[in-house]
Amino acid sequence: MITRDMIIADIIRQHPETLAVFQSYHLDCYECQIADLETVEHGAGVHKVAIDELVEALNRSLE
């Protein structure tokens, strides 16, 4: 289960299928060096993305 406090790069490495979700929210995390340090919540906040909606979509991609 993906949570808002997880590191973006860790999520993408462990669950590459989430990359499409990040891209659909215009979060080009795979290209960002900060992704190794940034949590989902922080990244969503910086890019003005609804965190609950993003986390839900990321978890759906794991099903």
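The values are calculated or read from the model by the stated rules, or taken from the named source; none is laboratory data. Note that this is a predicted model, so its numbers are computed, not measured. Quick reminder, even Gly has a Cβ in these numbers, built from the backbone with ideal geometry, and neighbours come from all protein chains shown. The accessibility values were calculated without ligands, DNA or RNA, using every heavy atom of the protein model including side chains. Shrake-Rupley method; radii C 1.70, N 1.55, O 1.52, S 1.80 Å.
Taking the Cα centre of the chain as origin and assigning +1 to Lys and Arg Cβ atoms and -1 to Asp and Glu Cβ atoms, the resulting dipole is close to 40 debye.
Find the Cα radius of gyration of the chain, compare it with 2.2 N^0.38 Å by division, and give the number to two decimals. Don't jump to the answer; show the numbers that get you there.
Working: Rg = 9.9 Å, N = 63, 2.2 N^0.38 = 10.6 Å.
Computed over Cα atoms of the chain, the ratio equals 0.93.
The local environment of ASP36, defined by Cβ-Cβ distances under 14 Å, has a net charge of -2 under the rule Lys, Arg +1 and Asp, Glu -1.
Inter-label distance, GLN14 to CYS32: 1.9 nm, where each label sits 7 Å from its Cα along the C-beta direction.
Can you send over the carbon and sulfur percentage of the accessible area for the chain, probe radius 1.4 Å, protein chains only? Write out the running numbers ahead of the final one.
Details: 2140 of 4030 Å².
Carbon and sulfur together cover 53 percent of it.
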